[in-house]
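To keep things clear, I will list the structure first and then write my remarks on it.
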Amino acid sequence: MSQQSNLILGVDSGGTKTLALLAAVSHGKPACILGVGRAGPGNPAIGGVAAAAQAVEQAARRAIENAGQVGSPVRAAVVAQAGAANAAIRAQAQQCVERMGFADRVQVVPDYSAVIAAIPTPGPRAAVIAGTGSVAFFVNATGVVTSSGGWGHLLGDEGSGFAIGRRVLREALSELASQAPAAPCTELVLHALDAHAPAKIIPRVYQSDDHRRTIAAVARDVLLAAPENQSMRALLREEMADLAGVIARGWLAAGCCGKELPMVLAGGVLTRSRLARTLLLEELADLDCRPQQVLLLPEPATGCLLLASELVDQAGSGS
């Protein structure tokens, strides 16, 4: 690492996993990723602030170790946390993470901040996250951020991994109850849950240590099967239609009705499945919501690195 470079950390702390990236950054140059660290779920609104902070520290220190930079000063770290849009939760998380001392300066931000940072242009824009959960965020002409969805798996999370997994599980159980001769959902669920018999489906879900994560994991098989399987494709379209409805409501509430906005997509459902993206954009067009451009952010932690680099620049300028 050059002596003119500074070490920074970007940490994405979500409902399923926490991922940290350690990078070297020099003024005016893109960040160079040196190390990666992973840990378990880090959503303070679900698992508690202390547990989420522990996941953040674990991932951060693993990234530092992975880069061979143990003992080297880390100038700034930005932690994007699901659930941190709540100001009270964010303040508690900030205190916990600061005490861990893995960086000179730490900032906890809502998960949408890292995603929106990936859009280089100012002005109105949108961000949609569909991973284990789902939510849409909008920045209006005055810079005010509003959200749509994000109600959690009990009340919402349309188009998320959890919602897709739950939908196919219900379809599978309906197939079993009706003794349907063709049971595409049942076959997929048995494979996804590694269950050797239909009778094992319900116990596999309810006896899991993390019901939400187990159900969301089923979505991976749906996304893989959907391009060639009409039943899975129809199921995925229904979920993308539900997510499009959430986005359209937010589009209207942000005062952007009729406007074409740059949009960034994040979360495994949208970044890993071309079909999911295509179906979502088709459903949005039917609701008269047309993105000006669509950007993909496969790893939100890279957005955190952009924000951490800004912290270093601010410190260097004395602001």
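The values are calculated or read from the model by the stated rules, or taken from the named source; none is laboratory data. What you see is a predicted model; the values in this text were computed from it and never measured. Note: ideal-geometry Cβ built from the backbone for every residue, glycine included; neighbour counts use all protein chains shown.
Can you confirm whether Arg277 is at pLDDT 95 or above, surrounded by fewer than 22 Cβ atoms within 10 Å (Cβ to Cβ) and of a type outside the set (A, V, I, L, M)? Before you say what the answer is, go through the steps one by one.
Values: at pLDDT 95 or above: yes; surrounded by fewer than 22 Cβ atoms within 10 Å (Cβ to Cβ): yes; of a type outside the set (A, V, I, L, M): yes.
When the stated conditions are applied, Arg277 passes them.
Yes or no: Leu296 touching a helix residue (DSSP H, G or I) at 6+ places or on another chain (Cβ under 9 Å), touching a residue at least 24 places away in the same chain (Cβ under 8 Å) and over 26 Å from Thr16 (Cβ atoms)? Against the criterion (touching a helix residue (DSSP H, G or I) at 6+ places or on another chain (Cβ under 9 Å), touching a residue at least 24 places away in the same chain (Cβ under 8 Å) and over 26 Å from Thr16 (Cβ atoms)), Leu296 does not qualify.
Report whether or not Ile129 is under 21 Å from the mean Cα position of the chain (by Cα), part of a loop (DSSP other than H, G, I, E, B) and β-branched (Val, Ile, Thr). No.
Picking from Ala93, Ala76, Ala80, Ala85, which residue would you name as being closer than 19 Å to Ala117 by Cβ and assigned to a loop (DSSP other than H, G, I, E, B)? Steps first, please.
On the way: Ala93 fails: assigned to a loop (DSSP other than H, G, I, E, B); Ala76 fails: assigned to a loop (DSSP other than H, G, I, E, B); Ala80 fails: assigned to a loop (DSSP other than H, G, I, E, B).
None of the others qualify; the one that does is Ala85.
Selection of helices (runs of 4 or more DSSP H) fully inside the range 223-293 by the criterion of at least 2 residues being touching a Phe, Trp or Tyr at 6+ places or on another chain (Cβ under 8 Å) and in the same structural domain as His191 (by TED's automatic domain parsing) returns 230-253. Just give me the residues in the range 176-193 being at pLDDT below 90 and either assigned to a loop (DSSP other than H, G, I, E, B) or not assigned by TED's automatic domain parsing to the domain that holds Leu236 (or both), in sequence order. If the condition is that a residue be at pLDDT below 90 and either assigned to a loop (DSSP other than H, G, I, E, B) or not assigned by TED's automatic domain parsing to the domain that holds Leu236 (or both), then Gln179, Ala180, Pro181, Ala182, Ala183 are the ones that fit.
Here is a check on your reading of the model: is Val269 more than 16 Å from Ala24 (Cβ to Cβ), crowded, with 19+ Cβ neighbours inside 10 Å and among the β-branched types (Val, Ile, Thr)?
Details: more than 16 Å from Ala24 (Cβ to Cβ): yes; crowded, with 19+ Cβ neighbours inside 10 Å: yes; among the β-branched types (Val, Ile, Thr): yes.
The answer is yes for Val269.
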